[in-house]
Ligand SMILES: N[C@@H](CCC(=O)N[C@@H](CS)C(=O)NCC(=O)O)C(=O)O
């Protein structure tokens, strides 16, 4: 098994923090992909990841597994402790609900904002659209307000314990710095949550 990942990229970081929380990151064989050099668009890599996305996991039979959350689901099965995705049907569903809310309403819009506005992305995102960047920025800002309210109701994103949904939000918050978006400077609940989770050894970059 080999994990193809890229440094300082949000989706690979979701898997990295997930494995670090489980104490399993160091034991995984890794292959570094350089996105700026477009390693991920080469035919050999596309055989594993047909959409040319990082991360990807190469399994023992040579087949590829992609989508950060799916890779985490597999690792949750291989390394069940500590549990990060739910212990019974209802908890699994609730954690997935929150994780997908974070991914689809926050992380995705930070990505749209960054990819459509930052000069470093001009080669990868063709065409860049200022209008798309503006819409994504508005949606990310709206989502930040939503998650601040949520973190006023519960200590962690999915409820009373740390889960994969916190990892996704933490990655999203870090990623936002690239477009100078720092919701913890304006929102007290996000600031409190971020201080607590960033002290976790598993979330060290
Ligand atoms: N839905 C995928 C998204 C993966 C993704 O977009 N990864 C980015 C890096 S964070 C990537 O490969 N970007 C390269 C590109 O779009 O050309 C997942 O959850 O893993």
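Rule-based calculations on the coordinates, nothing more; no lab input. Because the structure is predicted, anything quoted here is derived from the model rather than measured. Cβ sites come from the backbone with ideal geometry, for glycine too, and all protein chains shown count toward neighbours.
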Taking each pair of different alpha-carbon atoms in the chain once, compute 1/r for the pair, average those values, and report the inverse of that mean as the Kirkwood hydrodynamic radius in Å to one decimal.
17.6 Å
Rounded to the nearest 0.05, what FRET efficiency do residue 122 and residue 180 have when you use their Cβ-Cβ distance and R0 = 22 Å?
0.75
Gaussian network model of the chain, Cα springs within a sub-10 Å range: biggest mean-square fluctuation belongs to which of 170, 17, 45?
45
Cα pair count fraction exceeding 16 Å, expressed as % - region 43-100:
52 percent
log₁₀ of I(q)/I(0) at q = 0.25, 0.29 Å⁻¹ - region 1-56, Debye sum with one point per alpha carbon:
-0.99, -1.20
How large are Rg and Dmax for region 158-205 when calculated on the C-alpha trace, in angstrom?
10.6, 31
Value in Å of the Kirkwood radius, where region 89-203 supplies the Cα pairs that are averaged:
14.6 Å
Simple SL model, points at 7 angstrom along Cα→Cβ for residue 51 and residue 87; separation in nm is 3.3 nm
Give the calculated FRET efficiency between residue 2 and residue 37 to the nearest 0.05, with a Förster radius of 25 Å applied to their Cβ-Cβ distance.
0.85
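Helix-only mean residue ellipticity at 222 nm, the chain, DSSP H runs n ≥ 4 weighted -39,500 (n - 2.57), per residue, nearest 500. What is it?
-15000 deg cm²/dmol
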Let me check against my output: what whole-number percent is the relative contact order of region 1-109, with C-alpha pairs under 8 Å and at least 6 apart?
25 percent
What is the distance, in nm, between label points placed 7 Å from the Cα along the Cα-to-Cβ direction at residue 59 and at residue 196?
3.7 nm
For region 1-105, percent of DSSP beta bridges that are antiparallel (nearest 5) comes out at 60 percent
